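Here's the structure we're looking at; comments come further down.
The values are calculated or read from the model by the stated rules, or taken from the named source; none is laboratory data. Given the structure is predicted, the values throughout are model-derived calculations rather than measurements. Methodologically, a virtual Cβ is constructed for each residue, glycine included, from the backbone with ideal geometry; neighbour enumeration extends over all protein chains shown.
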Amino acid sequence: MKNRLSRGLRNLNPGNIRVSKTRYKGERSPSTDKAFKQFESIEYGYRAMFVLLHTYKVRGYCTTIEDIINRYAPPFENNTSGYISKVCLGTGFDKDFAPDTLSKEQMIPIVCAMSEVENGVPADYKDVEAGWLLFIADFS
């Protein structure tokens, strides 16, 4: 059954965050996947998504959902407009909505929707919420 899981779920990296110099809590090192990070648990994978999206905002890279997805899933390698549409449909937020990255009520639905786009299956809300709790413990 594990082989039927998407690459992101096999790696416990539901956001398909690429290998980079940035290190996240719960990240396995070295990753046995040459392109994508791997995490010790799915919760740490979700935490990394929350951290990355928060970083986009605080560093001034992105403010709106459209900005976030354009940076997260750039058009040169993704159907970014489709990704934006699916996240907006899944959350009920407009593409011009500027989420508060420290708001559980705003960010959990966004990360759930992004995870579904990345992995082709709905996210387990409890896993996403557990990732949120790991994130907010360090960023509140």
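Structure above, values below:
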| read-out | value |
| --- | --- |
| Qualifying residue in region 1-24 (condition: more than 19 Å from residue 116 (Cα to Cα) and touching a Gly at 6+ places or on another chain (Cβ under 8 Å)) | no |
| Which listed residue is crowded, with 19+ Cβ neighbours inside 10 Å, touching a helix residue (DSSP H, G or I) at 6+ places or on another chain (Cβ under 6 Å) and free of Cβ contacts under 8 Å to residues at least 60 places away in the same chain, from 42, 108 | 108 |
| Where a residue in region 114-140 is polar (S, T, N, Q) and its partner, wherever it lies, is part of a helix (DSSP H, G or I) and modelled with pLDDT of 95 or more, with Cβ under 8 Å and at least six apart | 115/8; 115/46; 115/49; 115/128; 119/8; 119/9 |
| Residues being in contact with a helix residue (DSSP H, G or I) (Cβ under 6 Å, 6 or more places away or on another chain) and either surrounded by fewer than 16 Cβ atoms within 10 Å (Cβ to Cβ) or of a type outside the set (Val, Ile, Thr) (or both) - total across region 78-92 | 3 |
| Subset of region 1-19 (residues that are modelled with pLDDT of 95 or more and surrounded by fewer than 18 Cβ atoms within 10 Å (Cβ to Cβ)) | 6, 7, 10, 18, 19 |
| Selected residue (only one of 35, 48 is under 14 Å from the mean Cα position of the chain (by Cα) and among the hydrophobic types (A, V, I, L, M, F, W, C)) | 48 |
| Leading residue by the ranking (nearest to the chain's Cα centre (by Cα)) among those in region 67-77 that are surrounded by fewer than 18 Cβ atoms within 10 Å (Cβ to Cβ) and more than 26 Å from residue 30 (Cα to Cα) | 67 |
| Helices (runs of 4 or more DSSP H) lying entirely in region 4-112 (those with 2 or more residues that are under 21 Å from residue 140 (Cβ atoms) and charged (D, E, K, R)) | 42-58 |
| Output for region 45-73, where each listed residue is modelled with pLDDT under 95, more than 11 Å from residue 99 (Cα to Cα) and touching a helix residue (DSSP H, G or I) at 6+ places or on another chain (Cβ under 7 Å) | 61 |
